[in-house]
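> One structure coming up, written as structure tokens, with questions to follow.
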Amino acid sequence: SSDTDLVCADEPSDEKPSGDVKTRADQGPGWLPAIMAGTVLMGILCFVFCAFSTWILFQKRTELAIRTLKGAYVSELEQSLLEPETKQRVVEEVKTLIAAMEGGKYDDWQSAAIMQRLQRLPVAQWGELQSVRAFIVKSDSDNQSDQIKELSRLERAVEKGKATSFDFQDVLDPVRRPDPGSSTGFELIRPLVTESVDEVVLRAKLVADRADVPDQAFPDVDLAVIVRKQVEEGASTGGY
């Protein structure tokens with residue numbers, strides 16, 4: 001009857017639409033594999049680019065060394081507190097090195113080794129140490145000779161290759177302050193005071209003791225000779 005048919009039409013069916021199930025089953029993994037593949041590909045390309053860039057720079061080490069020496073190193077020396085005679089001799093050594101590099105005297109590995117050695121030398125800081133020495137000489141204190149002895153021992157440690165610019169950073173810290181406008185990032189505190197200079201001398205002694213420098217005064221060490229020696233050793237034996 002019509003009433004029976006109406007009741008049957010209103011009853012909920014237990015069957016689920018097969019079309020929706022099929023659609024969901026056919027969606028697959030989506031974009032995830034493509035994204036992962038793209039990420040891996042980009043990583044490979046970046047690695048290849050970095051390797052190629054490194055190879056290019058590796059082949060131009062002499063050119064980069066010349067630019068660094070001309071653009072920064074010589075300028076830093078000229079603005080340093082090195083005594084005029086010392087400054088002139090050191091600058092002449094560096095300019096001789098630049099001319100030799102430009103003339104093709106050194107291979108790329110030699111230029112890199114020489115630059116590594118020069119960067120470890122406390123060349124600019126040497127001038128600040130000379131200023132500390134001048135202060136001690138003028139102070140005419142009772143322990144003047146002992147203090148000058150300790151500074152000479154520190155210079156001897158540099159000559160022996162057992163003290164570097166990193167050691168000088170710590171030794172000179174009591175008499176320096178930050179200066180963003182300076183090529184080294186620091187400037188000497190003026191005027192110097194006895195307490196700070198005493199601390200510098202103490203730190204110089206500690207570095208010299210660690211380097212096994214004999215407890216005696218040494219003649220003035222020629223910084224230009226040290227620079228020349230480091231250039232020769234860099235060219236013959238490489239870096240540190």
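> What number comes out for the charge environment of residue 88, summing +1 per Lys or Arg and -1 per Asp or Glu over other residues with Cβ under 12 Å away?
Details: positive: 87, 89, 95; negative: 78, 83, 85, 92, 93.
That works out to -2.
> Something else: Hey, which of these cross-link pairs are over 20 Å Cα-Cα: 60/105; 149/205; 87/149? Spell out each step's value before the answer.
Values: 60/105 14 Å; 149/205 9 Å; 87/149 23 Å.
Long pairs (Cα-Cα over 20 Å): 87/149.
> Give me the net charge of residue 172's neighbourhood, meaning all other residues with Cβ under 9 Å from the Cβ of residue 172; Lys, Arg count +1, Asp, Glu -1. List each step's numbers first, then the result.
Values: positive: 176, 203; negative: 128, 170, 173.
Residues close to residue 172 contribute a combined charge of -1.
> Quick check: with the 1.4 Å probe, what order do 205, 105, 149, 70 take by accessible area, largest first? List each step's numbers first, then the result.
On the way: 205 80, 105 140, 149 35, 70 115 Å².
Final ranking, largest accessible area leading: 105, 70, 205, 149.
> Once label points are set 7 Å from the Cα along Cα→Cβ at both residue 237 and residue 216, what is their separation, rounded to one decimal in nm?
Going from the residue 237 label point to the residue 216 one covers 2.4 nm.
> Here is a follow-up. Could you give me the ³J(HN,Hα) list for segment 147-154, computed from phi with Karplus coefficients 6.51, -1.76, 1.60 and θ = phi - 60°, whole Hz, x at Gly and Pro?
5, 5, 4, 5, 5, 5, 5, 5
> Let me ask something else about it. Round to the nearest 10 and report in Å² the accessible area of residue 186, as given by a 1.4 Å probe over the protein chains' heavy atoms.
Surface open to solvent at residue 186 totals about 70 Å².
> If r is the Cβ-Cβ distance from residue 119 to residue 190 and R0 is 22 Å, what FRET efficiency results, to the nearest 0.05? Don't skip to the end; give the middle numbers.
Values: r = 27 Å, r/R0 = 1.23.
It comes out at approximately 0.25.
> Could you check how much of the accessible area of segment 103-186 is carbon and sulfur, as a whole percent, using a 1.4 Å probe? Let's see the in-between values first.
On the way: 1690 of 3740 Å².
After summing per-atom areas, the C and S share lands at 45 percent.
> Ok, one more. To the nearest 10 square angstrom, what accessible area does residue 199 show with a 1.4 Å probe?
70 Å²
> Around residue 176, which amide H atoms from residues at least 5 apart in sequence, or from another chain, sit under 5 Å from its own amide H, with H modelled in the peptide plane?
Counting only residues 5 or more places away or on other chains, the set is 189.
> In addition: Do any of 138/162; 95/229; 162/229 go past 23 Å between their Cα atoms, and which? Don't jump to the answer; show the numbers that get you there.
On the way: 138/162 29 Å; 95/229 15 Å; 162/229 14 Å.
Checking Cα-Cα distances, 138/162 exceed 23 Å.
The values are calculated or read from the model by the stated rules, or taken from the named source; none is laboratory data. Quantities reported herein were computed from a predicted structural model and do not represent experimental measurements. Neighbour counts run over all protein chains shown; Cβ positions are idealised from the backbone, glycine included. Remember, those area values only see protein heavy atoms, side chains included, never the ligands or the DNA or RNA. Shrake-Rupley method; radii C 1.70, N 1.55, O 1.52, S 1.80 Å.
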